[in-house]
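These notes concern the structure reproduced below.
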Amino acid sequence: MSFKEIIPAVRTENITYAVRDIVVLANQVAKTGKEMLYLNIGDPNQFDFAPPRAMVEATYKAMLDNKNSYSPSSGIKSAIDAIAREADRKGIKNIQDIFVTTGASEAIEICLTALVNDDENVLTPTPGYPLYTAVAAKLRAIENPYYLDESNGWQPDIEDIKKKINKKTRAIILINPNNPTGSNCNTDTLKEIIKIAEENELVIFADEIYDKLLFDNKKHVSIASLNHEMPIITYGGLSKNYMVPGFRIGWGIVSGNNKILSELIEAINKILRARLCANHPEQYSIPVALDSDNSHLIPAMEKLTSRRDMTYEMLNSIEGISCVKPEGAFYAFPKLEIKNEDSHFVAELIKETGVVVVPGSGFGQVPGTKHFRVVFLPPENILEKAYKNIAEFFKKYCDKYEK
């Protein structure tokens, strides 16, 4: 065949997704027969977590009732209304639009696409979820990371945010609770972010997908509840709080001054209409979930608290590894005192022990620091074995590579 090699679009060159990319190496190691301990994917259903039965039944009934057609582009009315009620409970007022998407990730990508031009930038939390940098790369936007302060419980570094703003900055992204660190923003920090956004006319993208998964009776404050005029898009979904990542159901809530937001809302809806709709039957589980008593979270948080505590204690007991105690979600982001890159450490860890974690470089970090992310969803027996393996390996690694 004389067909020339097909050259992919330049926009794909800088797209990476460390959480999934590391699986390529893990699969190679698994083929050797080594026992694998996966601490890399934040999927509750791979372990001993399940959604409330009523959500599954609502979806099943919708399918039997032949709700298998396209839905309205923004979502079905009962779902939109339930999201509005949930927003009101969170203290979000002055809502201008609500839309249901294929996971919160689609909502985020649609809004970034609607707002950001080539060579413009959005302030992205670092460490942060790699979806944002992947989408920015596809949009040919300029990466503009702001740092979280490890010495301050991974709170956003306000002074660093101020330094990073330039004439082409369009928005600031907040992941709260944060993936990968498990941090939970305090109210003073949120107010400072609002002040910066207002002074610089920035849209706030508030990713609050883990807002019900808080430890030690901590409270989550939605940033949109603190200012009802600022242009804020709050993202949520069923995946994490309700243990159904495979449903791929998320949403965006646009709040603030309508005069400021009207053109952006229309741009968002143009994209929503062009991609038709989110999964239709699963949307019927949204009101069942959001209007429930959330009693499913009681046993879930009991398990997660035990696993969080084990993670914090066992990792901090390893000389050369330190870990800030997570306040939300189900991730920890321990720091490595090594000279080599954390990607090298993680690769060797997987090959030697079968313990699969994700290098900190995949989430961004303060230059010169080294980390890795663990997911503490697995049961205690798996976590204990994994952390013991990490402890034994770390000593061998330092003896081999760090002298």
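Every read-out reported here was derived from the displayed coordinates using simple, explicitly stated rules and does not represent laboratory data. These numbers were taken from a predicted model, which means no experiment stands behind them. In this analysis, Cβ positions are derived from the backbone assuming ideal geometry, glycine residues included, and neighbour counts consider all displayed protein chains.
Averaged over every viewing direction, what's the projected area of the C-alpha convex hull for the range 250-403? Give it in nm², one decimal, please.
13.6
Which entries of K164/K240; K325/K370; K163/K325 have Cα-Cα distances beyond 24 Å here?
Among K164/K240; K325/K370; K163/K325, the Cα-Cα distance tops 24 Å for K164/K240; K163/K325.
Label 7 Å along Cα→Cβ of R140; the range 112-130 residues with amide nitrogen under 20 Å?
Correct set: 112-123.
So for the range 79-148, Kirkwood radius off the Cα pairs, Stokes-Einstein at 37 °C and 0.692 mPa s: how many µm² s⁻¹?
The diffusion coefficient I find is 239 µm²/s.
Grab the eigenvalues of the alpha-carbon gyration tensor for the range 164-231, scale each by 5, take roots, and send me the semi-axes largest first in whole angstrom.
23, 13, 10
Using the Cα atoms as the points, what is the convex hull volume per residue of the range 53-290 in Å³?
Spread over its residues, the Cα hull of the range 53-290 gives 115 Å³ apiece.
To the nearest 0.05, how large is the calculated FRET efficiency for N27 and K396 if R₀ is 30 Å and r is the Cβ-Cβ distance?
Values: r = 24 Å, r/R0 = 0.79.
FRET efficiency, N27 to K396: 0.80.
What angle do you read, to the nearest 10 degrees and between 0 and 90, between the alpha-carbon axis of helix 258-274 and the longest principal axis of the chain?
Long axis of 258-274 versus the principal axis of the chain: about 80 degrees.
Using Cα pairs under 8 angstrom and six or more residues apart, how large is the relative contact order of the range 172-292, in percent?
Value for the range 172-292: 20 percent.
222 nm [θ] for the chain, helices only, -39500 (n - 2.57) per DSSP H run of 4+, per residue, to 500?
The per-residue figure over the chain is -12500 deg cm²/dmol.
How much length is gained on full extension from A54 to K77, taking 0.36 nm per residue of separation minus their Cα-Cα distance?
The span from A54 to K77 would gain 6.4 nm if fully extended.
Taking the Cα-to-Cβ direction at V10 and at S151 and moving 7 Å from each Cα, how far apart do the two end points lie in nm?
Calculated label separation equals 4.1 nm.
Give me the dipole magnitude in Debye, nearest 20, for the range 195-339 about the Cα centre, with unit charges on the beta carbon: positive for Lys and Arg, negative for Asp and Glu.
380
Output the 0 to 90 degree angle, nearest 10, between the alpha-carbon long axis of helix 53-64 and the longest principal axis computed from the alpha carbons of the chain.
Roughly 50 degrees, rounded to the nearest 10.
Mind checking which of I110, L290, P177 is farthest towards the positive end of the chain's charge dipole, using Cβ charges of +1 (Lys, Arg) and -1 (Asp, Glu) about the Cα centre?
Working it through, the farthest residue towards the positive pole turns out to be I110.
Treating only the Cβ of Lys, Arg, Asp and Glu as charged (+1, +1, -1, -1), what charge dipole size does the range 53-290 show about its Cα centre? Round to the nearest 20 debye.
Dipole size: approximately 600 debye.
Rounded if a/c is under 1.5, else prolate if a/b beats b/c, else oblate: with a ≥ b ≥ c from the C-alpha gyration tensor eigenvalues square-rooted, which is the range 33-136?
Oblate, because a/c is 1.5 or more while a/b does not exceed b/c.
Could you please report the charge total around H371, scoring K, R as +1 and D, E as -1 over all other residues with beta-carbon less than 13 angstrom from its beta-carbon?
Summing Lys and Arg as +1 and Asp and Glu as -1 gives -1.
Report, to two decimal places, the Cα Rg of the chain normalised by 2.2 N^0.38 Å (N = number of residues). Don't skip to the end; give the middle numbers.
On the way: Rg = 21.3 Å, N = 403, 2.2 N^0.38 = 21.5 Å.
For the chain, the normalised Cα radius of gyration comes out at 0.99.
What is the Å³ per residue value for the convex hull set by the Cα atoms of the range 62-118?
Each residue corresponds to 117 Å³ of Cα convex hull volume.
Which distance in nm do the two modelled labels at K168 and N381 give, with both placed 7 Å along the Cα-to-Cβ direction?
The answer from the label model is 5.5 nm.
Take every DSSP beta bridge with both residues inside the range 53-290 and express the antiparallel ones as a percent of the total, to the nearest 5. Present the calculation step by step, with values, prior to reporting the outcome.
Values: 15 of 33 bridges.
Around 45 percent antiparallel, to the nearest 5.
Where does helix 297-316 land angle-wise versus the long Cα axis of the chain, in degrees 0 to 90, nearest 10?
That helix lies at roughly 40 degrees to the long axis.
Evaluate the distance, in nm, between pseudo-label points positioned 7 Å from the Cα of N257 and of K61 along their respective Cα→Cβ axes.
Calculated label separation equals 4.4 nm.
Which net charge results when you count Lys and Arg as +1 and Asp and Glu as -1 among the other residues whose beta-carbon is under 14 Å from that of K396?
Computed value for this residue: -1.
Given Cα pairs under 8 Å that are at least 6 residues apart, what percent is the relative contact order of the chain?
25
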